[in-house]
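Asker: Provided herewith is a single structure, encoded as structure tokens, for subsequent inquiry.
Here, each number is a calculation from the coordinates, and none is a lab measurement. Keep in mind it's a predicted model, so treat the numbers as computed, not measured. Please note: Cβ atoms are built from the backbone with ideal geometry, for glycine as well, and neighbour counts cover all protein chains shown.
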Amino acid sequence: MKLCSTIFLLISLTALPVAAKTSLLGGNYLWGLSTDFHGQNSALGADPQPSLLMRGTAANLAQVRQTAYSFSFGLDMARISDGDDHTNFRRGAPTFFGMALPMGELGTFGIGYNQLGHSAYNYYHGEMRLSSNPGASETDDPRHLYGTKSTDFFSDLMAWQLGFAREFAPFFRPGIAYERRTLTRQNAQTTLLHDFNIGSIDTTRWEHSAPAIQLALQGDVGDFSYAVGGTYVFEDDLRMRRNITSIRTVNDNFSGRELHDSSEVTQEYGMKLPPEATFGLGYRFSRHFRVYLDYSRIQWENFWTDADDLDREYQNTNHIAGTAKYTPAIHKLNPGFWETITYSGGFSLKSLPVEGDREFSLNMGMGMPLGANGELTVALESGIRRSDDFDYDESFATLWFTIGGGQ
């Protein structure tokens, strides 16, 4: 179990593991929803039995004593409600992959790839009628066309991360990580005119890549644990590409599309993503039972871009979360299988970047030994999102699968 204890501490390189989030509200934020599931995202990596994945900071690497890897996949399910109308979505995606490499007295190095934020949706606007005289009926004005319109949107924030940490004393474990963050945001609108079997696809794509640096400190003082960390993102270029493509088909259902007459416009801007900070406290009631409380903040007032389409006012976001972890068997000879599982439960409450938007969720999970050198975590988060500016509500559930191992 000692190896299992260290496997998931390497998540210090993957700061905000999230599943692909299906959300209309998420489309209002720059990189969608960076929803971090607190059941596997406590800022503290000091738990000697962290069978649920720790978000932590770069300082977590200081406790990894053996070469290890970890991989996570999230399945997101959402229901968007507008009065009596409901729409259900499902989407799954890998959230991260990371490796940790201890180097003896030098400390521990790690490398990881992580999806920090994501939102996506497909929206069908329904049938539309186009006429030279929109107020006229079909009888009064026969010069009308029937068509359909749909929107396909996604926004991603991903990062490659390289980190290092070393333990100088149990109460002093500093760490540092270099990140390369990549933001991709795309909106495509497809319009089809069925009378003439023609249409168009209007696609706007934003791409931004910038370096970031994370500093962190972690330690244990008696039965208490603490962790603090901050990430600063540097300014870099933002590229916008807009492509308008006309389409035609050889039959009525557009199944034989042919693309032609494509035009593209490219423009360059600047962008600086907001800095982030996190603080966590933990308390060990016994070898079997621990509790954690985290606070994190994204300082959106420091966000900047000269691209008018993306330059909007966001509020600083605050996130408070707590979790409790219980393992029946600690250092017990011949424990039963259910005694080796670590059980977890908690809550998460956060404000979202647009004023009046908020999210609340509950979570629970189980971390199970996987052979002699691994561990499998299955966890569920369920919650709601609300907005003061929109009439619709969102409820969601995310199922997480995390596997790790090493030697």
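Asker: Among Asp391, Asp156, which comes first, second and so on when ranked by fewest other beta-carbon atoms within 10 Å? If you can, show how the numbers build up before the last one.
Answerer: Working: Asp391 8, Asp156 19.
Final ranking by Cβ density, sparse to dense: Asp391, Asp156.
Asker: Subtract the Cα-Cα distance of Tyr283 and Tyr343 from 0.36 nm times their separation in residues, and report this length gain in nm to one decimal. Show your work: numbers first, answer last.
Answerer: Working: separation 60, 0.36 × 60 = 21.60 nm, distance 1.64 nm.
Going from the current span to full extension adds 20.0 nm.
Asker: Something else: Quick one: if you stick a label point 7 Å off each Cα along the C-beta vector at Thr151 and Ala93, how many nm between them?
Answerer: 1.8 nm
Asker: Continuing with this model, one more query. Which ordering of Leu75, Leu352 is given by a fewest-first count of other beta-carbon atoms within 10 Å? Intermediate values should be presented prior to the final figure.
Answerer: Numbers: Leu75 16, Leu352 23.
Lowest count first: Leu75, Leu352.
Asker: Okay, next question. Report the extension gain between Asp202 and Asp391 in nm, rounded to one decimal, defined as 0.36 nm multiplied by the number of residues separating them, less their alpha carbon distance. Mind showing how you got there, number by number?
Answerer: Details: separation 189, 0.36 × 189 = 68.04 nm, distance 2.77 nm.
That pair, Asp202 and Asp391, stretches by 65.3 nm at full extension.
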